[in-house]
């Protein structure tokens, strides 16, 4: 396991991050956008774990943060989906462009 | 006596209003709350007087304080001197009258009375504060509800007026805050800063600092009290506001400014006050005379009273700007007097508007025939406004004149004469309004069916008239009440020396 | 910084040392306050409850209260003049009551008090007496009016204010009651509030006098500043004493502060007393009920200006310039008003101008008076004329009221031949006319005689003008008399009674007073320093004025006794002069031009316009600019979530680049 160099893993996490970014920029569907945000969060998680493992193997801070983020992400997803459902009920759509009443 | 009661009581009343259902319950709770406020304030006057008779000569009585935010030195610190007691009494009178005249407020009554009571909380808090931060906090409380009161319950171009009023007053309070912050950062207790007024008076604020921050504080508070040229919110705001809000606005809000100019700007920065007194006097004279002339041309009753408020509030600023004891006494009396009088005037205009649905001078006439009580109230308010002896306006104006005349310089003389000249113009516009609205032939036959004031309106008017006459007939109780307060302020002014 | 204990109203007892004086003041202070306070009580009670509870009886209540006041005033006069007013042969001022009402600084305070001296006691009697007559007369005249109670309430307010004015100890107290008198006059002129002309007249009266009061107020400020007191007695002492000599030194424009102050105070007095050029309100004030005109605009309020000058006379004598202004204004008013009165056709307006003319007499009599001994004759004469004028002028007005009550018109052309229908009115009116024309032995003869004598001794030109004016007075009064009671034998369609007893009684009483008032040796009681002044009755000197008076009467008789074309021809013959006099020398028009055209159009309108457009425009402009800028930058806040994220990441990348590479 220690054969895998850190750069590989960082490459994966960067890829994941930018895939999430791309999704966030291009998609109008709120569910997809939420999924993209999850991707970004996960890329961060990977970073935490990797840096913890490779740089400070005797500590657990990175792991803790990861678990913390996973919890937060779960709560966030719950709230976000609740908002999305409410939006769907009122607008019959979950396209971000459709909810424009509060603009300006 | 615990001064915090003045804040707690309105809070309880406001909470009670939120819990009540329907107009009837709401207004009864509001009325009880306002009556208790009045009783509390009268009790305050009594206890204050007792303390003074006992020989207590501290500047501020009933002091009380809690630490609010220790690391920055924000404290809740309250206490009253005669000036604050006078202003608190004024507030109580105006609030109960405002509740009474809005007795039939059908639209969103709960919110309306809630906001009204909440405003009174802000005013009381402002007047009892001895900490600049608390003072600012309550000043803001007394601004924001007005936006809603005008925007929701107003008439005419109410959104525009509400926005204008809120923006200008918020602008004023932001200037005030700059001034207060300037004071704050120039205090020093072992390296920390303080917002405490009593502490700031002990500090010698450097003159160059005063010169920078005095204009901020004075202009900021001045906007509240219709300092020329920042008075334009007054006509629009008053004319669009519902009756009770107009009464509150002109009766109390404009006095917040005058009180602030005196208590904060002049007292805490006396050197700068001397330095800038010329400018203040010039602006005040412009407001007095120009406001009076502008009033002459108005055709809407509320505009008439609003512009006349600009003119009358000029006397407050003139008195403060003159920096003599008599003149400052006069300014304080004018605050109380104008508060009562203009509230009465707006109440009368509101009563007329409720019945005739018009405020245009040209459309009204001969109301004495149908509405003798309201007309009498209108005439009394008018006569008080033009400074008739026996009413409070006379006492206030004459005290300001006497105080201004004490200054021997030609400049002050001319300023006083300009101010005196306004009493003639005042007579012109008041008598024009009275002559065509109250007297003269009835212009609209439908008005013949109108009914006179109900008990609530009569009670409201009677309370305000009692206040006006109590000052007008026996003014010495008021002057003696405020005298120690002005003396304290004068001491710091007399000590101030302008170093060229 | 100490808190001073509240000053209790205290009776000042310490001016005199003598013990009996002390008890004297005590006895005065026990009942004198009632004299003004009873009418005030009437005002309060009738004002609040009159409309509901005392609709019918309010007249009786008001009259009764005033009757008590009058009796007390007469008793006071008796006590003062005959029992204990004199100390060592000199009438002393007695301060019966004084308490501090509003204190400005150590020396300067407004006191409320009662001072008794010859002129104030005389005025107490005049005011209460005439007011009582008017109260009684109004019982009949105003009967059936809807606002009967209010009318009596206002009369009470007026009487209270006027009494408060005449007993003032303090200059500011005078000013306070001065304003109150003004407002009660305003309320009473506007009593018929649904008549536009009455509303306009009341407004005009108030504003013109207010304008004059501005002068009064500034005058008070000047005097108080230099004299270091508002108390009249102290003020006079201070200004007379040497340490206050700065006041007589030249100050502004080479005129001393004292002259400025006194002239300004006199402007106030001139406004109230309808002196030229501030007289324009008085003729219009006749819109009020006629008894009101008799009380306010003939006998009491309009002489307040004269009273003010008399009260401050010791100060005026220090400033010859101010006195000559008074003389000039008084003389011009007397002559001008007499000329105008000859041309007016509304009987009340004739009387109004006649009042103005007579007050002009009183004014210039004060103006030419000196202060010491014989020189003070003008002062005594002026007060004497004030006293007698009050009786005969109120009698004239009440008589005119009775006529108007019967005819329902103010115009001379609607009248004529009334002597048969109203015999009592006719006789009493005739008595009053003879009195004002200065025919012996009626009251006006004696007082006018003294004025002319004083004028003769001081300035021959003044004397000449005064003599001519007295002839004119006789002419226009008898023009009035003949036009009302003689001329055509008009048949009245409905046979009214002459009026109720309550209307006739005051006429008779006043007529008796008019006959006897002149016989009072006035100089013994009222003079500049309180010393008795011997009257100088000189039959030879009287010849000229009486001759002028009789000439005036004969001319009026020739022109107006029978219906002829003579008046017409003469007025045509006079041409422009007649027209100018008829139009009151266009003074009203000038004022209208100044107020309507100049003040309103050149000051008021621009002020209102500037406020709405320039000042408020600037404020709105700021708001508008802010709005525009906000609109410009709000495009960035598109509301598109994606663009926000783009900005966000763009920003982060930019910051990252800055901090990693550029920020070295």
> If you take the residues of the stretch B:488-500 that are modelled with pLDDT of 85 or more and in contact with a helix residue (DSSP H, G or I) (Cβ under 7 Å, 6 or more places away or on another chain), which of them is farthest from the other protein chains (Cβ to nearest Cβ)?
Replying inline: B:493
> Of all the helices (runs of 4 or more DSSP H) wholly in the stretch B:211-298, which have at least 2 residues that are surrounded by fewer than 24 Cβ atoms within 10 Å (Cβ to Cβ)?
Replying inline: B:270-296
> Mind checking which residues of the stretch B:220-235 are within 14 Å of chain C (Cβ to nearest Cβ) and either modelled with pLDDT of 90 or more or under 17 Å from the mean Cα position of the chain (by Cα) (or both)?
Replying inline: B:223, B:226, B:227, B:228, B:230, B:231, B:232, B:233, B:234, B:235
> If you go through the stretch B:65-86 one residue at a time, how many are part of a helix (DSSP H, G or I) and free of Cβ contacts under 8 Å to residues at least 40 places away in the same chain?
Replying inline: 2
> When you look at residue B:421, is it facing chain C (nearest Cβ under 7 Å) and over 23 Å from residue C:109 (Cβ atoms), yes or no?
Replying inline: yes
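Could you run through the stretch C:641-664 and say how many residues are under 30 Å from residue A:95 (Cβ atoms) and loosely packed, with under 10 Cβ neighbours inside 10 Å?
Counting residues in the stretch C:641-664 that are under 30 Å from residue A:95 (Cβ atoms) and loosely packed, with under 10 Cβ neighbours inside 10 Å gives 0.
Every residue, every condition in (1) farther than 30 Å from residue C:77 by Cα; (2) surrounded by 12 or more Cβ atoms within 10 Å (Cβ to Cβ), yes or no:
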site	(1), (2)
C:533	no, yes
C:538	no, no
C:544	yes, yes
C:556	yes, yes
C:575	yes, no
C:578	yes, yes
>> Looking at the stretch C:228-241, can you tell me whether even one residue there is within 12 Å of chain B (Cβ to nearest Cβ) and surrounded by fewer than 23 Cβ atoms within 10 Å (Cβ to Cβ)?
In response: yes
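Could you tell me whether any residue of the stretch B:383-395 is touching a strand residue (DSSP E or B) at 6+ places or on another chain (Cβ under 8 Å) and either within 13 Å of chain C (Cβ to nearest Cβ) or modelled with pLDDT under 90 (or both)?
yes
Condition check ((1) closer than 28 Å to residue A:5 by Cα; (2) at pLDDT 90 or above; (3) surrounded by fewer than 18 Cβ atoms within 10 Å (Cβ to Cβ); (4) under 14 Å from the mean Cα position of the chain (by Cα)) across all residues:
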| site | (1), (2), (3), (4) |
| --- | --- |
| A:18 | yes, yes, yes, yes |
| A:41 | yes, yes, no, yes |
| A:53 | yes, no, yes, no |
| A:63 | yes, yes, yes, no |
| A:67 | yes, yes, yes, yes |
| A:83 | no, yes, yes, no |
> Do we find that residue B:401 is surrounded by 17 or more Cβ atoms within 10 Å (Cβ to Cβ), out of contact with any strand residue (DSSP E or B) (no Cβ under 7 Å at 6 or more places or on another chain) and facing chain C (nearest Cβ under 8 Å) in this structure?
Replying inline: yes
> What number goes with the only condition from (1) in a helix (DSSP H, G or I); (2) more than 24 Å from residue C:45 (Cα to Cα); (3) over 14 Å from the mean Cα position of the chain (by Cα); (4) facing another protein chain (nearest Cβ under 10 Å) that residue C:204 does not pass?
Replying inline: (3)
>> Restricting to the stretch B:432-443, give me the number of residues that are at the interface with chain C (Cβ under 7 Å from one of its Cβ atoms) and either at pLDDT 90 or above or within 24 Å of the chain's Cα centre (by Cα) (or both).
In response: 0
> Mind checking which residues of the stretch C:556-579 are touching a helix residue (DSSP H, G or I) at 6+ places or on another chain (Cβ under 8 Å) and in contact (Cβ under 8 Å) with a residue 12 or more places away in the chain?
Replying inline: C:556, C:557, C:559, C:560, C:561, C:571, C:578
>> Looking at C:638, C:571 in this structure, which one is surrounded by 12 or more Cβ atoms within 10 Å (Cβ to Cβ) and within 14 Å of chain A (Cβ to nearest Cβ)?
In response: C:638
>> Kindly evaluate residue B:457 against the criterion of being farther than 30 Å from residue C:175 by Cβ, in a helix (DSSP H, G or I) and touching a residue at least 12 places away in the same chain (Cβ under 8 Å).
In response: yes
> Given (1) buried (at least 23 other Cβ atoms within 10 Å of the Cβ); (2) under 30 Å from residue C:79 (Cα atoms); (3) touching a residue at least 24 places away in the same chain (Cβ under 8 Å), where does residue C:99 come up short, assuming only one miss?
Replying inline: (1)
> Filtering the stretch B:406-418 down to residues that are free of Cβ contacts under 8 Å to residues at least 40 places away in the same chain and surrounded by fewer than 23 Cβ atoms within 10 Å (Cβ to Cβ), which residue is nearest to the other protein chains (Cβ to nearest Cβ)?
Replying inline: B:417
> All but one of (1) crowded, with 19+ Cβ neighbours inside 10 Å; (2) under 23 Å from residue C:344 (Cα atoms) hold for residue C:408; which doesn't?
Replying inline: (1)
> Would a scan of the stretch C:168-176 turn up a residue that is buried (at least 24 other Cβ atoms within 10 Å of the Cβ), touching a strand residue (DSSP E or B) at 6+ places or on another chain (Cβ under 7 Å) and in a strand (DSSP E or B)?
Replying inline: yes
> In the stretch B:453-487, how many residues are surrounded by fewer than 17 Cβ atoms within 10 Å (Cβ to Cβ), more than 30 Å from residue C:210 (Cβ to Cβ) and within 13 Å of chain C (Cβ to nearest Cβ)?
Replying inline: 1
> So which residues in the stretch C:83-110 are in contact with a helix residue (DSSP H, G or I) (Cβ under 8 Å, 6 or more places away or on another chain) and within 11 Å of chain B (Cβ to nearest Cβ), if there are any at all?
Replying inline: C:100, C:101, C:102, C:103, C:104, C:105, C:108, C:110
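Let's see how each residue does on (1) at pLDDT 90 or above; (2) facing chain B (nearest Cβ under 9 Å); (3) within 22 Å of residue C:383 (Cβ to Cβ):
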residue	(1), (2), (3)
C:128	yes, no, yes
C:159	yes, no, yes
C:176	yes, yes, no
C:180	yes, yes, no
C:191	no, no, no
C:195	no, yes, no
>> Any residue at all in the stretch B:129-142 that's free of Cβ contacts under 8 Å to residues at least 24 places away in the same chain and farther than 24 Å from residue B:48 by Cα?
In response: yes
> In the stretch B:10-64, how many residues are assigned to a strand (DSSP E or B) and either within 14 Å of chain C (Cβ to nearest Cβ) or without any contact (Cβ under 8 Å) to a residue 40 or more places away in the chain (or both)?
Replying inline: 1
> Could you say whether any residue in the stretch C:512-521 is closer than 30 Å to residue C:117 by Cα and part of a loop (DSSP other than H, G, I, E, B)?
Replying inline: yes
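The values are calculated or read from the model by the stated rules, or taken from the named source; none is laboratory data. Owing to the predicted nature of the structure, the values given are computational and were not obtained by experimental measurement. Positions of Cβ are backbone-derived with ideal geometry, glycine not excepted, and every protein chain shown enters the neighbour counts.
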